[in-house]
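For reference, the structure is listed below as structure tokens.
The values are calculated or read from the model by the stated rules, or taken from the named source; none is laboratory data. Because the structure is a prediction, the values reported are computed rather than measured. Cβ coordinates were reconstructed from backbone atoms using ideal geometry, including for glycine residues, and neighbour counts include every protein chain displayed. Side chains are part of the model used for accessible areas, which takes the heavy atoms of the whole protein and leaves out ligands, DNA and RNA. Shrake-Rupley method; radii C 1.70, N 1.55, O 1.52, S 1.80 Å.
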Amino acid sequence: MDTKPFISGLSENAVMITRVADRQWHALDDDLVVGRGHAEHRPDGRLFVSIDAWHDVAFDRLAEAMLAELPAPLYTVVDEADVELTAGWRRAGFMIRRREWEYMVPTDPQATGLEAVLPPPGVTILPAGQADERLLRAVDRAIRDQVEATVGWQSMPAEVIPRPEGDTVVDPSMYAVAATPDRYLGLIRVARVKRPRIGLVAVRAGQQRRGIARALLAHALGALHRSGSTAAWAEVDESNRAASALFETIGARSTSSNLELVR
């Protein structure tokens, strides 16, 4: 543990910044903790930082100390409604990189209009937990490669589920798939940690605009409805007009927005 203090000379009432553990800092005012800073690598390899401070002076000095020790680029995510927090990161030199909308998605088929939606001929929806892992990993890799070749995965919602190095399928039991006899054409991942969250819905290039994504949503939301969940949540990048349109046509409602900032 490194307890060597970092003291900024921005004010006569100095706030002491102490690194209390690896990538963890505290702001102290007369031995009272008035702020905390933290940094962690997300599964996509990017380094994200966060600060929870009681006042601007503590925030600014925590940011100063953290930025002096951490390598660039650095990222952070804030609720767009939190104007003060956004301003703090802007003072630290962060710029808005992208905006992400959070949607609340009803699960009732009568509300979504998906009660009669079926996959196209020759395509079967396999429920979560029934996918062949080899074929699941193959379609996941194909979809990731096609996204990386176009908009890039850094334009997708930040993936925060821990996973082994190099393994992009975290838990096969979370995935339902659109299947043909020899391969999978699309997938949907639903996590149920705190509340149902649609982490990914995607279809192979060349198989899009056939109604496969709607069929996957109809299946997943119907399963949630039958299990007693009245709503699910999903995040969509502001630039992904197709995904926003898909969710809005089934009655999803935007409830908030997050900003990803980078320095």
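Structural remarks
- Most positive-pole-ward Cα, 228, 120, 101, against dipole of the chain from beta carbon charges: 120
- Per atom type, the chain shows carbon and sulfur on 51% of its accessible surface, probed at 1.4 Å.
- Average accessible area per residue (Å²) across the chain - probe 1.4 Å, nucleic acids and ligands excluded: 53
- Stretch gain in nm, segment residue 83-residue 54, where the contour uses 0.36 nm per residue and the Cα spacing is subtracted: 9.0 nm
- Entry for semi-axes √(5λ) of the Cα gyration tensor in Å (calculated from the structure that is shown) out of (1) 42, 19, 16; (2) 31, 19, 17; (3) 38, 18, 16: (1)
- Note on residue 209 and residue 180: the model spin-label points, each 7 Å out from Cα along the C-beta direction, lie 1.8 nm apart.
- 222 nm mean residue ellipticity, helices alone, for the chain (DSSP H n ≥ 4; -39,500 (n - 2.57); rounded to 500): -7500 deg cm²/dmol
- Put a dot 7 Å past the Cα of residue 47, heading toward its Cβ, do the same for residue 256, and the two dots end up 2.7 nm apart.
- Measuring nothing but how far apart in sequence close Cα pairs (under 8 Å, 6+ apart) lie, relative to its length, the chain scores a relative contact order of 25 percent.
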